[in-house]
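First the structure, in the form of structure tokens, and then the observations on it.
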Amino acid sequence: MSDSHSLAQILIRSVIRAFHTTQEVLAIEALVQHSCLRDDELAYLMKMNTKDLHRLCASLRDARFLTVHTRPEVIEGKTRPVNRTYYYIDYQQTVDAIKWRVYKTDKDMQGIAKPQDESKEYSCPRCKSQWTQLEVLDSVSIEGFLCLRCEAVLERSQEQEQPGHQQLSRMNNQFKFMTDMLQQIDKGLVPECSFDKAIAVARPIVREAMHEVLASVPVEDAGGMGKPSAVKGLANTGPKTMQVTISDGNEEAELIESRKRKERFLRENALPSWITDSSVPVPAATAAPPVVSFEMRDADGGDGGRAGKRVKVEGEMSFKMEEDEEDDLEFEDVV
């Protein structure tokens, strides 16, 4: 283990103890000791259920103190793989996150501190009022600047700090351990940490007999155990049987035999006559009925009245009435 890696571990443990809760401190301590832990293993060490552990590790993941990795594994005695969650610390990412937080906090605190030209450098020993140099420039005597309120001689206090500067100096004192270690880490190189490297050097968890769990194997190392044997719904596709026909070259005889076989099959499966034949007798075809026509006229028999109508009788019930070509009607004048 390099010096930069050891300093990175010390820095992470110091920062997590200074600014985070006890449960988060325990989670990071477990990952530093074991390098990489599965979610159920970390929950066993911390005496928590996995649901609460996932919520706790989610806040640490957002703070870049740990990294989450998920991979499919096959549990002993089962064929379907399940996704297992692992936690480990990416030291490069965590150190960069700490650097950013220190820088951001320092800039925020510098914004609170007032500039030097706005600080009140003069104070009155009599009325305890404070004045800036610009405010007392027009109130001067042989002894010095005078108070604008009680005209007493003002005293200059160069060592007095404003509230913003006090907070900034207090923050620098509290963050001094982090800035010093960050400077030492920058002199070296923090090795890259990936999931494969972390799981390779992971320290196993020793469980009690009553808390033993089934072993699981990654899918890529399980061979064909984790892969499904068939896709559901596609098991019955394809032919069940196969027929092989061997021909001796006499194709014409085979065609005749095949035609006879089909005719025999149709004959054997033909419908009975009581289904194919109708039980209702069909009448025989008869000759077309003659067409008879006659003309209807008035009773007096005169031609000066209404025009006659010709009626054609077709068959038994069909009648057709035709009018004469003379359609003009004569009307008598009424006197």
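Note on surface exposure: R259, R126 rank R126, R259 by accessible area, highest first, 1.4 Å probe. For segment 1-124, a/c is not less than 1.5, where a ≥ b ≥ c are the root eigenvalues of the C-alpha gyration tensor, and a/b tops b/c. That puts it in the prolate class.
Considering lysine pairs in segment 1-149 that are 8 or more places apart or on different chains, how many have Cα atoms under 22 Å apart?
Details: K99/K107; K104/K114; K114/K128; K120/K128.
For segment 1-149, the number of qualifying lysine pairs is 4.
Remark: the N83-S139 segment gains 12.3 nm on full extension, using 0.36 nm per residue and subtracting the alpha carbon distance. In the context of the full protein assembly, V153 retains an accessible surface of approximately 50 Å², using a probe radius of 1.4 Å and ignoring ligands and nucleic acids. If you take all other residues with their beta carbon under 14 Å from the beta carbon of F265, and give Lys and Arg +1 and Asp and Glu -1, the sum is +3.
The values are calculated or read from the model by the stated rules, or taken from the named source; none is laboratory data. Just so you know, these numbers come straight off a predicted model, no measurement behind them. No Cβ is skipped: glycine too gets one built from the backbone with ideal geometry, and neighbour counts run over all protein chains shown. We work out accessible area using only protein heavy atoms, side chains counted, and drop any ligands, DNA or RNA first. Shrake-Rupley method; radii C 1.70, N 1.55, O 1.52, S 1.80 Å.
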